[in-house]
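Engineer: Supplied in structure tokens, the structure appears directly below.
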Amino acid sequence: MNFVIMRFSSLGDVILTTPVCENLKLNYPGSFIYFITKKAYASVFEENLFVDRVINLSDYGLLPLILLLKKINPERIYDLHSSLRSRVIGAFFPSRMRRVKTYRKERENFLKGRSAVIPDAASRYLDVLSADKVKIHTKKTGIFLSARENAYARSILESQGIPPSAEIICVAPQAKWPLKEWSRFPKFFELAAKPGRYFIVTGDDYVRAEKLLPENRYHRNFVKNLSGRLSLRMFFAMMAASSCVISMDSGAAHAATALRVPLIVFFGPTVPAFGFAPPGAKIMEVNVPCRPCHLHGGKVCDRGDRVCMESIGENDLLAAMEDILK
């Protein structure tokens, strides 16, 4: 029995689909599960025993991909993206398709100040299994690392002068949408960094991350910028080696949850009520009348002062972090 799951992007959403894979495999242990996604996110499923093969979207044009699916002949195709491309694919398999409900209209209503009930994202993805009466064993997301990957991450930390006994906090300050980012990290690092405690700054852009480091040379000794220097798997392993993760509302937050690492996550232009708040996370937010202002985060603040993010102080974050670490 073959199953196909489609979610092309982005990192957080791909991670949030992992319970669908796990529950399918637990219900049908002898099944073969294919996952279609962009190449950038394929490594999410390395070491994942609930996914048998990842199909890189970039390896196939639309027609070759449809032909491949006809050859696979799946019992069911689960469209967890509901994009134009996934809907075109689904049109060739109408009786075998199950599609996620996006709740976009509900989020737009919430954005306009109207009431709306929006289930969390993982539950929305699992709902596609309900029509097939698949028993739900778990709602927890999962990223799995090998012993070799964990050991390599430790060797990277040691190459940065970080001893094995050190307290490590992984910081993911970058987001796809600029308004989701917090600018106060330089002052925060000067408050929080100290001997025996090290901060690992991660992300895609090394130069942008450099601007968030403390100006004081002493405190810089305890803040290591590894942005742009880690593969996605090493990014995960660095999180797994940490006592706490500090993240914006981005895929990094969902990775931390999938790795079972305590998490602090910032919400500014978006809100947890949209359904993307990682369960169990400490949420940093302030209630201001203009929130939420965007479905995804946005690029320009209409007020011009980014009050939803800038009203969160360095001491607020420090207190939240110390509470998790104690």
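Throughout, read-outs are computed from the coordinates displayed, never taken from laboratory work. Quantities reported herein were computed from a predicted structural model and do not represent experimental measurements. Cβ placement follows ideal geometry from the backbone for every residue including glycine, while neighbour counts extend to all protein chains displayed.
Engineer: Could you calculate the contour length gain from LYS105 to GLU210, that is, 0.36 nm times the residue separation minus the distance between their Cα atoms, to one decimal place in nm?
Structural biologist: Gain on extension, LYS105 to GLU210, equals 33.9 nm.
Engineer: Additional query: What spacing in nm lies between the two simple spin-label points modelled at LYS194 and GLU75, each 7 Å away from Cα in the Cβ direction?
Structural biologist: Output for this residue pair reads 5.6 nm.
Engineer: Another question, then. Which of rounded, prolate, oblate describes the stretch 87-186, given a ≥ b ≥ c as roots of the alpha-carbon gyration tensor eigenvalues and a/c under 1.5 marking rounded, otherwise prolate only if a/b is larger than b/c?
Structural biologist: The shape class here is oblate.
Engineer: How high is the relative contact order of the chain, in percent, counting Cα pairs under 8 Å that sit 6 or more residues apart?
Structural biologist: Taking the mean separation of contacting Cα pairs over the length of the chain, I get 17 percent.
Engineer: Here is a follow-up. Can you spot the aspartates and glutamates whose alpha carbon is less than 17 Å from LYS139's alpha carbon? Ignore those fewer than 8 places along the same chain.
Structural biologist: ASP13, GLU22, ASP120, ASP127
Engineer: Determine the dipole magnitude for the chain: charges of +1 sit on the beta-carbon of Lys and Arg, -1 on that of Asp and Glu, nothing else is charged, the reference point is the Cα centre, and the result goes in debye to the nearest 20.
Structural biologist: Once rounded to the nearest 20, the dipole reads 880 debye.
Engineer: Further, regarding this structure: Using a Förster radius of 22 Å, what is the FRET efficiency between LYS38 and VAL88 based on their Cβ-Cβ separation? Nearest 0.05, please. Walk me through the numbers on the way to the answer.
Structural biologist: Values: r = 17 Å, r/R0 = 0.75.
Computed FRET efficiency for LYS38 and VAL88: 0.85.
Engineer: Of PHE3, PRO29, CYS290, which is farthest towards the positive pole of the chain's charge dipole, taken about the Cα centre with +1 and -1 on the beta-carbons of Lys, Arg and Asp, Glu respectively?
Structural biologist: Highest projection toward the positive end goes to PHE3.
Engineer: Further, regarding this structure: When every alpha-carbon pair in the stretch 120-231 is counted, what percent end up more than 17 Å apart?
Structural biologist: Beyond 17 Å sits 65 percent of the P(r) for the stretch 120-231.
Engineer: Around LEU263, which amide H atoms from residues at least 5 apart in sequence, or from another chain, sit under 5 Å from its own amide H, with H modelled in the peptide plane?
Structural biologist: VAL245, LYS282
Engineer: Could you work out how far apart the two model spin labels at CYS290 and PHE144 are, taking each label as a point 7 Å from the Cα in the direction of the beta carbon, and quote it in nm?
Structural biologist: That separation, rounded to one decimal, is 4.6 nm.
Engineer: How far apart, in nm, are the 7 Å Cα→Cβ label points at SER165 and ASP323?
Structural biologist: 3.0
Engineer: Sum -39500 (n - 2.57) across every DSSP H segment of at least 4 residues in the chain, then divide by the residue count to get the 222 nm mean residue ellipticity, nearest 500.
Structural biologist: Value at 222 nm, helices only: -9500 deg cm²/dmol.
Engineer: Right, next: Among bridges DSSP assigns within the chain, what percent are antiparallel (round to 5)?
Structural biologist: Given both bridge residues lie in the chain, the antiparallel proportion sits at roughly 5 percent.
Engineer: Report the FRET efficiency, 1/(1 + (r/R0)^6), for ARG220 and SER123, where r is their Cβ-Cβ distance and R0 is 51 Å, rounded to 0.05.
Structural biologist: E(calc), rounded to 0.05, equals 0.75.
Engineer: Neighbouring Cβ atoms within 10 Å as the yardstick, rank GLU181, GLU310, GLU190 fewest first.
Structural biologist: Listing GLU181, GLU310, GLU190 from fewest to most nearby Cβ atoms yields GLU310, GLU190, GLU181.
Engineer: Using only alpha carbon pairs under 8 Å that are at least six residues apart, calculate the relative contact order of the stretch 187-248 and give it in whole percent.
Structural biologist: Values: 60 pairs, mean separation 22.2, N = 62.
Rounded, it is 36 percent for the stretch 187-248.
Engineer: In addition: Averaging sequence separations of C-alpha pairs under 8 Å and six or more residues apart, then dividing by the length of the stretch 148-325, give the relative contact order as a whole percent.
Structural biologist: 25
Engineer: What is the distance in Å between the Cα centroid of the stretch 86-108 and that of the stretch 295-326?
Structural biologist: 34
Engineer: Moving to a separate point now. Considering the options VAL307, MET248, LEU226, tell which one lies farthest towards the positive end of the dipole of the stretch 148-325, charges being +1 on Lys and Arg and -1 on Asp and Glu at the Cβ, about the Cα centre.
Structural biologist: Farthest towards the positive pole: LEU226.
Engineer: Which entries in the list LYS39/LYS140; LYS25/LYS133; LYS25/LYS140; LYS194/LYS282 go over 18 Å, if you measure between the two C-alpha atoms of each?
Structural biologist: LYS39/LYS140; LYS194/LYS282
Engineer: I've got another one for you. Among bridges DSSP assigns within the stretch 2-100, what percent are antiparallel (round to 5)?
Structural biologist: 0
Engineer: Over what distance in Å are the Cα centres of the stretch 1-57 and the stretch 194-236 separated?
Structural biologist: Centre-to-centre (Cα) distance: 31 Å.
Engineer: Would you mind checking the tilt of helix 314-325 against the longest principal axis of the Cα atoms of the chain, expressed as 0 to 90 degrees and rounded to 10?
Structural biologist: 70
Engineer: If you don't mind, another one. Where the only charges are on Cβ atoms (+1 Lys, Arg; -1 Asp, Glu), what is the dipole of the stretch 148-325 about its Cα centre, to the nearest 20 debye?
Structural biologist: Around 380 debye, computed over the stretch 148-325.
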